[in-house]
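Right, one structure below, let's go through it.
The values are calculated or read from the model by the stated rules, or taken from the named source; none is laboratory data. Here the structure is a predicted model, which is why all the values come from computation and not from measurement. Because the Cβ atoms are built from the backbone with ideal geometry, glycine has one as well, and the counts that use them run over all protein chains shown.
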Amino acid sequence: MTKLRTAGGWLAYRGVGAAYAAAIVLFLVGSLFIRGFFGWGHILAIASTAGFVGIVGIGQTFTLITGGIDLSVAYMLNFGALLVTGITLGSSHHFGLALLVVGAVAALTGLVNGVGITFLKIPPLIMTLSMNSILEGAALLYSNGTPQGASPPLLTALATGTGPLGIPWLIWFWAAVTAVVLLIFRRTVFGRWTYATGSAPRASWLSGIPVDRVVILVYMVSAVAAALAGLLLAGYSGQAYFGMGDTYQLESVAVAVIGGTSILGGKGSYLGTVAGALLLTTLTSLLEVLNVGASMESMLYGVVIIVMMMLNRQRPTS
Amino acid sequence: MRVSRWLRNEYLIYPILIGLLAVYVIFNRGLLSVFQIQSLITSSAPYLLVGLGEAVVIIAGGIDLSIGYMVSLTCVVVATTTGPLGVPLALVVGTAAGLANGILITRFRLSPLVTTLATGSFFFGVALHILPTPGGSVPGWVSNLAEENLGPIPIMAFLLILVIVMAWVTLYRVPAGRHVFAVGDNLEGARQSGIDDQRIRIATYAVAGTLAGVAGIFLAGQTSSGDPNIGTPFTLNAILVAVLGGTSLAGGVGTIGGVVAASFVLTVINDIIFLTNASSYLQYIVSGGILIGMLGVSRGLRLIRPVPAPPAKRVPGR
């Protein structure tokens, strides 16, 4: 904490530095060996694709810092996407209503997760994994197994359009969200309490921090972030389909952990998660260019996560 | 014995099983037929196998989120190996996968949760590499083992009894088994009393891998083919069965009887959903809800007679 507050302190946060360095090195290695890999356009493409997992990673960063984990993001994302396409049916007509419904469902999901974890003392892993199954059932019941509709034009524009300076709207949006998240972590009481709750739950409780409310709010943030990513992903692919969130389960945890967020709680930063998202997306992009296939990608994800964990572990922790 | 003791996690599963069987009989409009009982046993076989493996890992204070993918991997191995070597090879692969988990987690001191998420991705990649789409063939005797009956009793029942007896002997009648409980209950204490905790923990992951292998072989036999996606739901189901059966995620607590009962509970629930013609999508909601419900109820009962001070012990495995 103290380290984070010093000028440029986050660079000293070595897990973060390592992740950014790894992302850049990986990009340069790709550029050396593959023609057309290097280029402004490709950098923008990687950064905007990283936005999806980066936004899901917001919630994972918050929950991991409190010492928890949110494994319900996969179907929260999927349900959010199904709801927005199902309600708007591809028009702008009911977009406001859709946002309201998705927001309410996400907030409720997060609330239930948080209440289960705090008041019913259900371990976060079990609570959220079970919630994922419940959301999958809810999503199947809602759409009766076949997703309907299409994404509203506004979402499609946000997820695929290009904004000022030739930079995709998605990157602008992600940057804005990142600024808000960083402000929450560094300048609000809630942000400080999140760290405190994760590093010493009992001490925090004894010193008057409303630990339970912090944890509940953290899971609500996570569910809303996952749903938001679901909306963007629906906009990006123009529709919703089952299983669209599946890969984000592992990836959201991976980007946070790669970025130096400790699974044991109390330590981490969203800047690290952003680095993790950029690294993982650069890797994915490299693998896609090399055309190694889904199986090799899946294997390499596993290897990268474990290697980054080993690297982060060996560093002296602040 | 007082009623409150029966309502603790470890024993709650038995009244639930009896109650569900009663519901089953009511919806069935009569006692279960021999065929129904046979299918109850064979359907619960994979749940029992993966649940037992997960329970052993959790008792020793860990968690394994790669079990489902080990099931897929071994299933695919059986279906693609020609000749008589498929089954032993699958068992070796499962055990080796589990060993790798255990070694990474203990020797490199990595978080079990993220490590097994990552190795799970790796195993899934390998399975997908071996067999990208469902197919392959399985030796006839493997299918017979999975499906045929010896008189009125499924052959699988004998195998399950063998597994249960072996698990019972190793957990309750051999020093190493007591060490599993000791390591999970108090790692530092166990270490100081001379237990080689790393070996014990590695062994639990290896056992989980072996049992996942048996489940993979069984599923390959049952479907007479291999499928790289067949294991995916078993990660949640393994944890579900273990925890429903009274295994505490805090480590050190768990019974084989509870796990066996829990695997039947899961199967009976699925059968009841099928009998009532309810939407099969409900299965997801029920399997997610039941764990939250049970843990919530047992917590609620404890709240009636409040326990002073919030528990200080953090759930390990994160």
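Pairing each residue of region B:45-70 that is away from every other protein chain (no Cβ under 14 Å) with any residue that is surrounded by 24 or more Cβ atoms within 10 Å (Cβ to Cβ) and basic (Lys, Arg), provided the two are 6+ apart or on different chains, yields C-beta distances under 7 Å for B:60/B:201. Among the residues of region A:168-184, is any closer than 26 Å to residue B:237 by Cβ, modelled with pLDDT under 90 and not in a helix (DSSP H, G or I)? No, that holds for no residue.
Taken over region A:15-73, the criterion of being within 25 Å of residue A:159 (Cβ to Cβ), of a type outside the set (Phe, Trp, Tyr), free of Cβ contacts under 8 Å to residues at least 60 places away in the same chain and part of a helix (DSSP H, G or I) is satisfied by A:41, A:43.
The condition of being touching a helix residue (DSSP H, G or I) at 6+ places or on another chain (Cβ under 6 Å) and over 22 Å from residue A:262 (Cβ atoms) holds for only one of A:167, A:171, A:209, that being A:171.
Check off (1) surrounded by fewer than 24 Cβ atoms within 10 Å (Cβ to Cβ); (2) in contact with a Ser or Thr (Cβ under 6 Å, 6 or more places away or on another chain); (3) in a loop (DSSP other than H, G, I, E, B) for residue B:83 and give me the number that stays unchecked. All conditions pass for residue B:83, except number (2).
The rows are residues; the columns are (1) within 13 Å of chain A (Cβ to nearest Cβ); (2) among the β-branched types (Val, Ile, Thr); (3) not in a helix (DSSP H, G or I).
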| position | (1), (2), (3) |
| --- | --- |
| B:88 | no, no, no |
| B:104 | yes, no, no |
| B:115 | yes, yes, no |
| B:125 | yes, no, no |
| B:170 | no, yes, no |
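Here the helices (runs of 4 or more DSSP H) wholly within region A:228-318 that include at least 1 residues being over 26 Å from residue A:67 (Cβ atoms) and more than 14 Å from chain B (Cβ to nearest Cβ) are A:270-290. So, in region A:120-169, exactly how many residues are over 15 Å from residue B:291 (Cα atoms), at the interface with chain B (Cβ under 8 Å from one of its Cβ atoms) and of a type outside the set (Gly, Ala, Ser)? Residues meeting the conditions: 3.
Here residue B:108 fulfils each of the conditions (1) surrounded by 16 or more Cβ atoms within 10 Å (Cβ to Cβ); (2) of a type in the set (A, V, I, L, M, F, W, C); (3) within 14 Å of chain A (Cβ to nearest Cβ) apart from (1). Would you point out the residue of region A:90-119, among those that are at pLDDT 80 or above and outside any helix (DSSP H, G or I), that is nearest to the other protein chains (Cβ to nearest Cβ)? The selected residue is A:119.
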